[in-house]
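The block underneath contains the structure these notes are about, expressed in structure tokens.
Derivation of every value follows stated rules applied to the coordinates shown; laboratory data play no part. Since this is a predicted model, take the numbers as computed values, not measurements. Glycine gets a Cβ as well: all are built from the backbone with ideal geometry, and neighbour counts include every protein chain shown.
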């Protein structure tokens, strides 16, 4: 019997909250939706929302402070024997990890609403402003492989989110976040079990993508 994939999650969260995506991934390993074992979670907040959830769920918590070097990323992943790395609200630039086994979930349309500083509420506010200018009709949630540039790796999952006339950044966040929580475990399971992948160099090598 093959061993289950070992997954480490990087989730910044906040000083007082956050980490809901990480929590959903853990719960999905317990109900069978995510066929993997989460061996640790990493946050750049020593005592924030991610740590609270990790302690409650019985997952090893690792505090990762600056500098965010390639050597430190590799040391952390290696120390727990992880095969795959899932970024779930991790806001620091990743360096030194294998782009074939490192992936991220992004709360807005790519590539337009990606890049440095485009995370969380900043994405939703930018999308709403573009909507008010008549430039977009939908937002999206995306999952993509991670290279050493923000949000540049190939997208393997994309789900449009309709923007409603009375939407605010907050209401759009709530609807998009609900879809992230639904789809992230499903697509994560596909990646770590070999149904989705790429060679880490050529985006045209991507297979198994689900672009809606």
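Report yes if some residue within segment 115-130 is touching a strand residue (DSSP E or B) at 6+ places or on another chain (Cβ under 9 Å) and closer than 20 Å to residue 25 by Cα; otherwise report no.
Yes - at least one qualifying residue is present in segment 115-130.
Kindly evaluate residue 175 against the criterion of being farther than 20 Å from residue 12 by Cα and without any contact (Cβ under 8 Å) to a residue 12 or more places away in the chain.
no
Quick one: would you say residue 18 is touching a residue at least 60 places away in the same chain (Cβ under 8 Å), in a loop (DSSP other than H, G, I, E, B) and within 14 Å of residue 91 (Cβ to Cβ)?
So residue 18 passes the test.
Across segment 21-39, what is the number of residues that are within 28 Å of residue 68 (Cα to Cα) and part of a loop (DSSP other than H, G, I, E, B)?
Here the count works out to 1.
Would you mind telling me which numbered condition in (1) exposed (fewer than 13 other Cβ atoms within 10 Å of the Cβ); (2) in a helix (DSSP H, G or I) residue 172 fails?
For residue 172, the failing item is (1).
Could you go through segment 105-120 and let me know if any residue there is within 13 Å of the chain's Cα centre (by Cα), at positive phi, crowded, with 19+ Cβ neighbours inside 10 Å and not in a strand (DSSP E or B).
For segment 105-120, residues within 13 Å of the chain's Cα centre (by Cα), at positive phi, crowded, with 19+ Cβ neighbours inside 10 Å and not in a strand (DSSP E or B): absent.
Considering only residues of segment 40-96 that are part of a helix (DSSP H, G or I) and in contact with a helix residue (DSSP H, G or I) (Cβ under 9 Å, 6 or more places away or on another chain), which is farthest from residue 6 (Cα to Cα)?
Restricting attention to segment 40-96, the residues satisfying the condition of being part of a helix (DSSP H, G or I) are 49-57, 70-79.
If we keep only those that are in contact with a helix residue (DSSP H, G or I) (Cβ under 9 Å, 6 or more places away or on another chain) too, we end up with 49-50, 53-54, 56-57.
Working: 49: 23, 50: 19, 53: 19, 54: 16, 56: 20, 57: 17 Å.
Among them, the one singled out is 49.
Collect the residues in segment 35-47 that are out of contact with any strand residue (DSSP E or B) (no Cβ under 6 Å at 6 or more places or on another chain) and under 15 Å from residue 88 (Cα atoms), keeping them in residue-number order.
Scanning segment 35-47 gives 43, 44, 45.
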